[in-house]
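Here the structure is laid out as structure tokens; the discussion comes afterwards.
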Amino acid sequence: MPQASSALFELERVGYTYEAINTPAFDALTDINLTIQPGEFVAITGASGSGKSTLMHLLGLMAEPSRGTLKVVTQNVSKLDANAQADLRNKTIGFLFQQFFLLPQLTVLENILLPTEYSRQANSRSEWLSRAELLLEKFDLVEQGHKKPSRLSGGQRQRVALCRALIMNPDVLMCDEPTGALDSATAQEVLKTLVELNAEGRTIVVITHDPEVARCAKRVIRISDGRITSDEEIRPIKFGEKEAQLANSSTGNKASATTPRIHSSAKIMSVAYAQIKHSAAQMFVPTFESLATQRLRTVLTMTGLLLGVASIFIMLTLTGQVSRVFSEFFETQGARKAFVSFDGRQAEKTGAPQWRGMHVLHDLPKLNEQLIKLGRIDPLVSAEDCKILSSSNNFQGGLNGMNSLQEAQENNLQVSNGRLPMPHEFEESSGARIALLGSDAAVKLFSTSSGKKNSKEQTPVGQSITVRGCNFEGILTVVGVLKPQDSLMDRGINSNIYVPSNTLLTGGVSPYNRRVVTVPNRGISPTWFAQYVIGKLKIMTDNRFPFRFFAAEQELEKFNLMLSILTGLTLVIGALCTLIGGIGVMNIMLVNVHERIQEVGIRKAVGARDANIRSQFLLESTGLCLLSGALGTFVGIAVSAIALKIAQNFLPQAASLSFHLDIVALIVALIVSLGAGLIFGTWPARRAAALDIVDALKQE
């Protein structure tokens, strides 16, 4: 045989040994020396077990020699990594298998385009589609392009496999028993096609045990017991005048099969239809068809992940909403304030003297001057256990002093009728004898025993009340009635009556306060400021008296801590559900890999790298998890909305609760789903990528 440096295949002293655990090694090939030139039609024949299939696996880069040198297009295979071999297999070799090896979930056109998915060539998608359409025309398959392989005859399937083998315009067409699964008439059609392709300049290598097939070749190589026993050129049989004309007019240009032609509108529509379906079919259809056949298994697998994602979404959403509402509620309850007072119990224990208190008009202003950059101190002026009378009713209660309009606004005092005090009415010189009634106080003073307002006194505003029996006595004019309030610290808040502090002081209330309110500036912790004020008071009193404080902020922190613990426990449960669901996804993907071993072999045979296989199965597991996550998020949205609606209806304090899509919760849910897909899909993806091509193709 001629020996040229441009040979497609060069084998020098090549051998191959099958090795397996607990099984003796077996030499399938020994000292193979072979060269195949471009344009040849070579038949490799031999009995079953002679080694011809092993030789095809070596020539097709589906296995590597155990010894010797194999060159494909002048490249030493032993020096190429797995990716380089996959690229060379994709670009140089087209495979035509006895079993066709078409992917059943893909259409004819999609099967033909399969090798292009792994091509490193710069062709655009439209160029590959155009080439596939020309092949469909050439082999009379245009009307079959949108069909699945199951709807085709054996001869049509073999022609589809042939189109797939030719789509990359390879240097050589490798045929493994191409007529073994066909009837005699269809087999003759396939052989005629191979002769035509060779006449056009295509290199053909046929592995066969059929002498009739071998007679079509120009060169026949016989193998026996792993060795080449003969290598001879023959005069091939002729199929008719058409083949002779093709042989005489051959230009040797293998690319002639892809000469551009004018496309009909029907063909263009077929191409567009295939393009639209292509991406989804290539990546996700195989998995979801497999999942659809095992619906119960799939539903149970997805349920765990769905519940995990739903619980995580629900807790993040509800926690955010509840925390916001309680923060707003505590803000109205003076969450930024703290109460500092003389600690009488501690004084009794330590034998400390009793503290008279801080003078509201003398000591307090001086201390506020020192604290102006940090906050302020408001006095708590009050008259307790007073008898309060109106023209029709009376009750025993107290008067609370207000120091400013700002304080009234900070305490969320809002009138339902009348007005708040004017700024000048808080001044010491005003002598304003006015009062604000809590909603319950107004009812007690100005309603009949049946609860209805006195017909003669339609509204408390403008009416007078008389205070007796305590350290303040006098007549006050009602200027407003307050809206009902909620309070964690004063359950009788709606029975309070509010009077300017200076009015109480001028009316006989002691100016010494043993209890004050600290209000820090924005950005300063109420707890820290209260402790700072206590330090100042100790300095002022020569450290003779003990003090304590209470901050609503501490209650909010306790609530948030409990909420965080509850959230954490729920998230742990959600994480466990996600873990269980993820393990289920991994299990179902492992089963999926097992069910699609042959598909992996087909994809690798047409040029898929290990990374392509890993990416595909990772995308599939990620898609399954994202679908579960999306359903879980939908369930979470529904449950959260219903829970918040119920809370609005049954908890007046939660009236401001309303469902808003929590973007953070949504992102976390999607990240959890994506992470589960990637983490639990990695092992199945790696197992799929590690499959051996030859072993995978043997699987049924």
| note | Here the residues within the range 368-388 that are outside any loop (DSSP other than H, G, I, E, B) and either outside the structural domain of residue 426 (by TED's automatic domain parsing) or crowded, with 17+ Cβ neighbours inside 10 Å (or both) are 375, 376, 377, 378, 379, 382, 383, 386, 388
| remark: Subset of the range 398-448, residues within 18 Å of residue 361 (Cα to Cα) and outside any helix (DSSP H, G or I), comes to 400, 401, 402, 403, 404, 427, 428, 429, 430, 431, 432
| request: Please verify whether the range 84-105 includes one or more residues that are within 42 Å of the chain's Cα centre (by Cα) and more than 27 Å from residue 208 (Cα to Cα). | output: yes
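A quick yes/no check of all residues on (1) modelled with pLDDT under 90; (2) not assigned by TED's automatic domain parsing to the domain that holds residue 407:
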{"residue": "508", "(1), (2)": "yes, no"}
{"residue": "511", "(1), (2)": "no, no"}
{"residue": "518", "(1), (2)": "no, no"}
{"residue": "522", "(1), (2)": "yes, no"}
{"residue": "529", "(1), (2)": "no, no"}
{"residue": "568", "(1), (2)": "yes, yes"}
{"residue": "572", "(1), (2)": "yes, yes"}
| query | Can you tell which of 584, 601 is part of a helix (DSSP H, G or I), touching a residue at least 40 places away in the same chain (Cβ under 8 Å), outside the structural domain of residue 165 (by TED's automatic domain parsing) and under 15 Å from residue 628 (Cβ atoms)? | reply | 584
| task | Mind telling me which of the residues 659, 650, 634 ends up being surrounded by fewer than 21 Cβ atoms within 10 Å (Cβ to Cβ), more than 30 Å from residue 118 (Cβ to Cβ) and modelled with pLDDT of 90 or more? | result | 634
| task | Answer yes or no as to whether residue 131 is in the same structural domain as residue 162 (by TED's automatic domain parsing), in a helix (DSSP H, G or I) and charged (D, E, K, R). | result | yes
| note | So, first residue surrounded by fewer than 20 Cβ atoms within 10 Å (Cβ to Cβ) in the range 681-700, second residue basic (Lys, Arg), Cβ within less than 7 Å, six or more apart or across chains; the pairs are 686/614
| When you scan the range 134-148, how many residues do you find that are over 39 Å from the mean Cα position of the chain (by Cα) and not in a helix (DSSP H, G or I)? | 3
| Can you pull out the residues in the range 343-367 that are of a type in the set (Lys, Arg), surrounded by 11 or more Cβ atoms within 10 Å (Cβ to Cβ) and free of Cβ contacts under 8 Å to residues at least 24 places away in the same chain? | 366
| Which one is modelled with the highest pLDDT, of the residues in the range 155-199 that are within 44 Å of the chain's Cα centre (by Cα) and among the basic types (Lys, Arg)? | 164
| query | Can you tell me how many residues in the range 296-348 are more than 19 Å from residue 580 (Cα to Cα), under 30 Å from the mean Cα position of the chain (by Cα), at pLDDT below 80 and among the aliphatic types (A, V, I, L, M)? | reply | 2
| said: For the range 180-231, which positions are surrounded by fewer than 16 Cβ atoms within 10 Å (Cβ to Cβ), small (Gly, Ala, Ser) and either in a strand (DSSP E or B) or in contact with a Lys or Arg (Cβ under 8 Å, 6 or more places away or on another chain) (or both)? | reply: 224, 230
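Residue-wise test of (1) β-branched (Val, Ile, Thr); (2) part of a loop (DSSP other than H, G, I, E, B); (3) under 52 Å from the mean Cα position of the chain (by Cα).
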position	(1), (2), (3)
485	no, yes, yes
494	no, no, yes
504	no, no, no
517	yes, no, yes
523	no, yes, yes
| query | If you check residue 549 against the conditions, is it touching a strand residue (DSSP E or B) at 6+ places or on another chain (Cβ under 9 Å), within 30 Å of residue 324 (Cα to Cα) and of a type outside the set (S, T, N, Q)? | reply | yes
| message | Out of the strands (runs of 3 or more DSSP E) lying entirely within the range 1-115, which hold 1 or more residues that are touching a strand residue (DSSP E or B) at 6+ places or on another chain (Cβ under 9 Å) and free of Cβ contacts under 8 Å to residues at least 24 places away in the same chain? | response | 9-20, 23-36
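The values are calculated or read from the model by the stated rules, or taken from the named source; none is laboratory data. Since the structure is predicted, the reported quantities are computational estimates derived from the model, not experimental observations. No Cβ is skipped: glycine too gets one built from the backbone with ideal geometry, and neighbour counts run over all protein chains shown.
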